[in-house]
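The values are calculated or read from the model by the stated rules, or taken from the named source; none is laboratory data. Here the structure is a predicted model, which means the values were calculated and not measured. Because the Cβ atoms are built from the backbone with ideal geometry, glycine has one as well, and the counts that use them run over all protein chains shown.
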Amino acid sequence: MALPEWLAGSSEEAGFLRLVLDHVSDCLVAVDTEGAIVLINEPYCRLLGGEAEDFLGRHITDVVGPQTKLHFVARGVGTHVGYPLEVHGHKLVTKQVPVHKDGRIIGAVGLALFSDYDALKKTYSRISKAELAIPSKPKAWQSKFGPDEIIGTGQVMDAHRETLKVAAAYDLPVMIFGETGAGKELSAHSIHALSERSAGPFVWVNCASIPSELIEAELFGYEGGAFTGARSQGKPGKVELAAGGVLFLDEIGDMPLSLQGSLLRVLQTGEIVRVGGTSPVTIDLRIICATNKSLADLVRSGRFREDLYHRLSVLPISVPSLRERDDLSHLADRLLIRIAANLRKPPPTLTAEDRKLLSVHTWPGNVRELENALTRFIVTGKLSILSLNEHRHLSFSDAESDLRTRLRSEAHASIRSALEQTRGNKQHAAKLLGISRAQFYRLWKELPLS
């Protein structure tokens, strides 16, 4: 097999180098900037159960799995040393580094520092699994999406993805601004996945969904017996759970003013004190926040601390609304394929009239609203875009207009189909339709399902 240009010398040198790489006992693989495999040695082929020709030219994630970061390294996103990787049931400890030539990155090399996890444990018997960063069981808190999940083409989305890449490279606080449904949380997940903390936890808190009297204990934890109903052994908060990784504070504008000082202390000193505790706990984490509100207005009105605002907004990112994007038609096609696959139905085709209907809508709910409209389209066979007034009309109006009848019929069909797909599981059905459980139960009770 011929070596890629950036590894090849004379034919004699190339042959000798290939022989050396095949005799290295540890696994080695190299990719180009697109993530395609250009070199793989014999030990790695044996582990994967194939020949080099079976893997050359294929994307690294198709061969090794989605957990690898080598394709990100090949694009210039960090270096991963001691990165834990499980391949075909084998636990490896790897080093993933970019390859430079003439001042530019032309690929990346991944080398298994330890190909035998059991031997590693014996050699380092005095080092804990936590110190090795190799968990013995799946992590409870981790990012579920990466940059590849951000669907979109064109200048606006290319610029947004590049902004996320730049933010991921620096271990600094990030503030994500954007309208409801635009993809703020997806952007936060992507920053974590691209960052040096990707092997650590990704812990999220929605500041608007937790009662104000409970949010302090939820964030900072509590000592045993700190208050009535508390666990006798105490409980760590989300800040402690995020140690070594990222804490994502969604809807940060809804955080109570009384708690903002404690969060500021975390940013300034890296320390917390549990509710009812007396000793500070040192925490190493990165904080990413998101909001659909104007924090500057909240600062002016005295509802958000100015010093905290400046601490959190070191790297501000604005997520483009759907109105600002020029790829609506492409986005709709991609979402239709994904939603239809989840519903186990063939994706319908958007007509020219359908696309015109999509293009003239203002999309106040952004991508989430588009997903809901396309889900109804797949379930009912009709593309209907419900305005806020029409949603209100569906639930509260007494007029029996044709619009009400059509909307009730479509909602009825959507709920029945979702329940059939989830075998009657209402929680899963609500998630399938992209609505909250409360909204699902309200519609389910109001509509004649029997």
Take the residues in the stretch 266-282 that are of a type in the set (V, I, T) and within 15 Å of G234 (Cβ to Cβ), then tell me which one is modelled with the lowest pLDDT.
-> T278
Filtering the stretch 28-59 down to residues that are under 19 Å from L92 (Cα atoms), among the β-branched types (V, I, T) and in contact (Cβ under 8 Å) with a residue 40 or more places away in the chain yields V29, V31
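Results for (1) touching a Gly at 6+ places or on another chain (Cβ under 9 Å); (2) farther than 23 Å from L164 by Cβ; (3) at pLDDT 85 or above; (4) not β-branched (V, I, T), shown as yes or no for each residue.
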site	(1), (2), (3), (4)
L48	no, yes, yes, yes
V93	yes, yes, no, no
G107	no, no, yes, yes
A112	no, yes, no, yes
Pick from the stretch 418-445 the residues that are under 22 Å from L335 (Cβ atoms) and among the polar types (S, T, N, Q): which of them is surrounded by the most Cβ atoms within 10 Å (Cβ to Cβ)?
-> Q421
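Criterion first (modelled with pLDDT of 80 or more and closer than 18 Å to G49 by Cα) does V99 satisfy it? Spell out how you get there, then give the answer.
Working: modelled with pLDDT of 80 or more: yes; closer than 18 Å to G49 by Cα: no.
No, not satisfied.
Taking the residues in the stretch 189-216 that are β-branched (V, I, T) and modelled with pLDDT of 90 or more as candidates, determine which candidate is farthest from I272 (Cα to Cα).
First, the residues of the stretch 189-216 that are β-branched (V, I, T): 191, 203, 205, 210, 215.
Filter again for modelled with pLDDT of 90 or more, leaving 191, 203, 205.
Values: I191: 24, V203: 16, V205: 17 Å.
That would be I191.
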Matching residues in the stretch 50-84 (at pLDDT 80 or above and crowded, with 19+ Cβ neighbours inside 10 Å) number 11
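Looking at the stretch 362-384, which of its residues are in a loop (DSSP other than H, G, I, E, B) and surrounded by 17 or more Cβ atoms within 10 Å (Cβ to Cβ)? Quick ask: steps written out before the conclusion?
As a first pass, look at the stretch 362-384 and keep what is in a loop (DSSP other than H, G, I, E, B): 362-365, 381-384.
The answer is W363, G365, L383.
Among the listed residues A159, A193, identify the single one that is surrounded by 14 or more Cβ atoms within 10 Å (Cβ to Cβ) and not assigned by TED's automatic domain parsing to the domain that holds F72. Show your work before the answer.
Values: A159 fails: surrounded by 14 or more Cβ atoms within 10 Å (Cβ to Cβ).
Criteria check complete, one pass: A193.
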Could you tell me which residue of the stretch 242-256 is modelled with the highest pLDDT, considering only residues that are of a type outside the set (G, A, S) and assigned to a helix (DSSP H, G or I)?
-> I252
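Residue-wise test of (1) surrounded by 17 or more Cβ atoms within 10 Å (Cβ to Cβ); (2) among the small types (G, A, S); (3) within 18 Å of V203 (Cα to Cα); (4) in contact with a strand residue (DSSP E or B) (Cβ under 8 Å, 6 or more places away or on another chain).
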residue	(1), (2), (3), (4)
G270	no, yes, yes, yes
V275	yes, no, no, yes
I287	yes, no, yes, yes
L295	yes, no, no, yes
E306	no, no, no, no
V314	no, no, no, yes
E324	no, no, no, no
Close pairs (8 angstrom Cβ cut-off, 6 or more residues apart or separate chains): assigned by TED's automatic domain parsing to the domain that holds R286 in the stretch 237-250, in a loop (DSSP other than H, G, I, E, B) and of a type in the set (V, I, T) anywhere = V239/I283; E240/I283; A242/I283; A243/I283
In the stretch 212-224, is there at least one residue being assigned by TED's automatic domain parsing to the domain that holds G277 and in contact with a Cys (Cβ under 8 Å, 6 or more places away or on another chain)?
-> yes
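Only one of A340, A290 is among the small types (G, A, S) and closer than 30 Å to A413 by Cα. Can you tell me which?
A340
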Out of curiosity, is S212 of a type outside the set (D, E), crowded, with 18+ Cβ neighbours inside 10 Å and touching a residue at least 40 places away in the same chain (Cβ under 8 Å)?
-> no
